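Here is the structure we will look at, set down as structure tokens.
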Amino acid sequence: MNKYAISDNIARLLKQEHMTQHELAARIGVHDPTLSKWMTGQRQPSAYALLRISRVLGVTVEKLMEGIEDG
């Protein structure tokens, strides 16, 4: 997996949902700097964090990780 795939997909989905990084961080229960590190590719979210992000953004974890279209 490209280490930037998750951050690129989150950024695209945030824009699509008209949501800020701060709003997403609050909704998934993490601090802004944590989400920022995920968004810049400095760190990778845990599986549980990916699940929370996917639920808030309305996509599968697979789509978040690889950008695969839901079928």
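The values are calculated or read from the model by the stated rules, or taken from the named source; none is laboratory data. Please read all numbers here as calculations on a predicted model, not as lab measurements. A quick note on method: Cβ atoms are made from the backbone with ideal geometry, for glycine too, and the neighbour counts reach across all protein chains shown. Just so you know, the surface numbers come from the protein's heavy atoms only, side chains and all, with ligands and any DNA or RNA stripped out. Shrake-Rupley method; radii C 1.70, N 1.55, O 1.52, S 1.80 Å.
List every residue pair whose Cβ atoms sit under 8 Å apart, with the two residues 6 or more apart in sequence or on different chains, where the first one lies in region 10-21 and is open to solvent by 80 Å² or more (accessible area, probe 1.4 Å) and the second, anywhere, is not in a helix (DSSP H, G or I).
Every condition considered, the pairs that remain are 17/58.
On the given criteria, is residue 65 open to solvent by less than 80 Å² (accessible area, probe 1.4 Å) and either on the phi > 0 side of the Ramachandran plot or touching a helix residue (DSSP H, G or I) at 6+ places or on another chain (Cβ under 7 Å) (or both)?
For residue 65, the condition - open to solvent by less than 80 Å² (accessible area, probe 1.4 Å) and either on the phi > 0 side of the Ramachandran plot or touching a helix residue (DSSP H, G or I) at 6+ places or on another chain (Cβ under 7 Å) (or both) - is met.
Can you report the number of residues in region 47-62 which are basic (Lys, Arg) and open to solvent by 70 Å² or more (accessible area, probe 1.4 Å)?
Going through region 47-62 one residue at a time, the tally reaches 1.
Filter region 29-46 for residues that are without any contact (Cβ under 8 Å) to a residue 24 or more places away in the chain and open to solvent by less than 80 Å² (accessible area, probe 1.4 Å); which is nearest to the chain's Cα centre (by Cα)?
Only one residue tops the list, namely 35.
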